[in-house]
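**Student:** Sharing a structure here in structure tokens format.
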Amino acid sequence: MSAAIIDRRICAEIEGSFVLFLIGIRINRLWKVNSWGPTFAAMGPMIAELSKRPDLGLLHSRTHVGFPATMLVQYWRSLDHLQAFATGRDQLHLPAWQRFNTAVGSNGDVGIWHETYLIQPGQYESVYNNMPRWGLGAAGTIHDATGLRARADGRRQAQTGGD
């Protein structure tokens, strides 16, 4: 099933500040399936949990599969939401993180990483043409990229209430 193509120039905005979270896994030793397999498999259930619970703060997530590394691009409502999920005893992440640290730790079999960016209104812009809802467009609200929003500087200005 393919997402509907929006056949015009659009841009995306998220009300207020938000978090862009990049997280990934890198298979360093292909033959060590017992190390990277459970690590890789743990992400699906976490995304399912977050999808069922919008109150946890995940706005959108997209997985980019590659080899030897796979990355998830996530948009979160706030840093507080992200940190609460990462450390919450009632969510799936904390036990998975503890299992990874016990089973793999720093043995080199599999790498994990993340980068967290707190983004304020007026500090980002986007444009899409002939695309389905994608990235910020899937996480936030889309607008026609016309008038003030026709140019990058205007799209940034529109986020802060400029005319």
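**Student:** Taking the Cα centre of each part, how many Å lie between segment 1-70 and segment 132-147?
**Tutor:** So the separation of the two Cα centres works out to 19 Å.
**Student:** Still on this structure, I have one more. Per-residue ellipticity at 222 nm for the chain, helices alone: DSSP H runs ≥ 4 residues times -39500 (n - 2.57), over residue total, nearest 500 deg cm²/dmol?
**Tutor:** Working: 5 runs with 52 residues, N = 163.
-9500 deg cm²/dmol, from helical runs alone.
**Student:** Once you place label points 7 Å from the Cα toward the Cβ at Thr146 and Ala103, how far apart are they in nm?
**Tutor:** The two pseudo-label positions are separated by 5.3 nm.
**Student:** Can you give the net charge of the other residues whose Cβ lies under 9 Å from the Cβ of Val110, counting K and R as +1 and D and E as -1?
**Tutor:** Values: positive: Arg26, Arg29, Lys32; negative: Asp109.
For residues surrounding Val110, the net value is +2.
**Student:** I'd like the per residue volume of the convex hull spanned by the Cα atoms of segment 36-78, given in cubic angstrom.
**Tutor:** Details: hull volume 3.0 nm³, N = 43.
Convex hull volume per residue, Cα atoms: 69 Å³.
**Student:** Place a point 7 Å from the Cα of Asn129 along the Cα-to-Cβ direction; which residues of segment 6-35 have their backbone N under 17 Å from it?
**Tutor:** 6-12
**Student:** I want to check the label-to-label distance for Asp55 and Ala41. Put each point 7 Å from Cα in the C-beta direction and report it in nm to one decimal.
**Tutor:** 3.1 nm
**Student:** OK, next. Assigning unit charges at the beta carbon (Lys, Arg +1; Asp, Glu -1) and nothing else, what dipole magnitude in debye, to the nearest 20, does segment 18-118 show about its Cα centre? Kindly include the intermediate steps, with their values, before the conclusion.
**Tutor:** On the way: 9 positive and 6 negative charges, 45 e Å.
The calculation lands at about 220 debye.
**Student:** Distance in nm between label sites at Gln157 and Ile112, each 7 Å beyond Cα in the beta-carbon direction?
**Tutor:** Here the answer is 4.5 nm between the modelled labels.
**Student:** How far, in nm, would the chain grow between Val65 and Trp31 when pulled straight, counting 0.36 nm per residue and subtracting the alpha carbon separation? Each step should come with its number before you reach the end.
**Tutor:** Values: separation 34, 0.36 × 34 = 12.24 nm, distance 1.88 nm.
Extra length from Val65 to Trp31 when fully extended: 10.4 nm.
**Student:** Turning to a different aspect of this structure: Can you find, among Val104, Gly88, Ile23, the residue sitting farthest towards the positive end of the charge dipole of segment 18-118, where Lys and Arg contribute +1 and Asp and Glu -1 at Cβ?
**Tutor:** Value: Val104.
**Student:** Which value does Rg/Rh take for segment 10-63 over its C-alpha atoms, Rh per Kirkwood? Walk me through the numbers on the way to the answer.
**Tutor:** Working: Rg = 15.1 Å, Rh = 13.8 Å.
That ratio equals 1.10.
**Student:** How big is the chain by the Kirkwood estimate over distinct Cα pairs, in Å?
**Tutor:** Numbers: mean 1/r = 0.0573 Å⁻¹.
Kirkwood radius, the chain: 17.5 Å.
**Student:** Still on this structure, I have one more. Largest first and to the nearest Å, give the Cα extent of segment 44-117 along each principal axis.
**Tutor:** That gives 35, 28, 22 Å along the principal axes, largest extent first.
Throughout, read-outs are computed from the coordinates displayed, never taken from laboratory work. These numbers come from a predicted model, not from an experiment. For neighbour counting, all protein chains shown are included, and Cβ atoms are generated from backbone atoms with ideal geometry for every residue, glycine included.
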